[in-house]
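FYI, it's all coordinate maths here, none of it is from the lab. Here the structure is a predicted model, which means the values were calculated and not measured. All Cβ positions, glycine included, derive from the backbone under ideal geometry; neighbour counts span all protein chains shown.
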Amino acid sequence: MLTDTILEDDRWQQAGLETLAETAAQATLSHLGLPSSHFEIAVLACDDARIAVLNADFRGKPQPTNVLSWPEEDLAPDMPGSPPEEPPQGGEEDPHHLGDIAIAWETCDREAKEQGKPFAAHVTHLMVHGVLHLLGFDHIRDKDATLMEAHERAILGKLGIADPYRSDQGP
């Protein structure tokens, strides 16, 4: 398994996060031509209270957010819109740790309802988004955001999930 999910909130088990996270991570690495058997990712399935503490500790923002990621190394490109560096590869016996992702139940649930999206589709998008962050993608600079969103759309499309950035779609 590419992902190792720690369930701090039981609602995530009922929602099938372990499968959603694994599917999203596998699809993301496959899209980028990276062998998933050479990598590992830790996923923390938590609630808003826990992610608010993490967000305060690591980003100085003491409020809940949907997803956070901590890359093992900085792969971000210097030039806006350029692809990140490739991560170091481990092997099947000793996979390289790409980093950690935390995802919060209440925020994800609320956002999915507000946006009229299926919960599983929204969570899959957020997991793809988090994995791309681990791989050096970002959305702070406009050209980087364009590149990251293009990858998200392509990956989600391959999974049969509608473009999350289109505003004219219903549930």
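Quick notes
- Just one of (1) touching an Asp or Glu at 6+ places or on another chain (Cβ under 8 Å); (2) buried (at least 20 other Cβ atoms within 10 Å of the Cβ); (3) in a helix (DSSP H, G or I) fails for residue 106. It is (2).
- Checking 63, 89 one by one, the residue that is in contact with a Pro (Cβ under 9 Å, 6 or more places away or on another chain), part of a loop (DSSP other than H, G, I, E, B) and more than 18 Å from residue 151 (Cβ to Cβ) is 89 and no other.
- Scanning the range 61-81 for residues that are within 21 Å of residue 136 (Cα to Cα), loosely packed, with under 13 Cβ neighbours inside 10 Å and without any contact (Cβ under 8 Å) to a residue 40 or more places away in the chain yields 78, 79.
- Candidates in the range 1-17 are the residues that are assigned to a helix (DSSP H, G or I) and over 13 Å from the mean Cα position of the chain (by Cα); of these, the one that is surrounded by the fewest Cβ atoms within 10 Å (Cβ to Cβ) is 14.
- Yes/no for residue 113 being assigned to a helix (DSSP H, G or I), under 30 Å from residue 53 (Cβ atoms) and basic (Lys, Arg): yes
- For the range 137-161, the candidate set comprises residues that are assigned to a loop (DSSP other than H, G, I, E, B) and either on the phi > 0 side of the Ramachandran plot or of a type outside the set (A, V, I, L, M) (or both); within that set, the residue that is surrounded by the most Cβ atoms within 10 Å (Cβ to Cβ) is 137.
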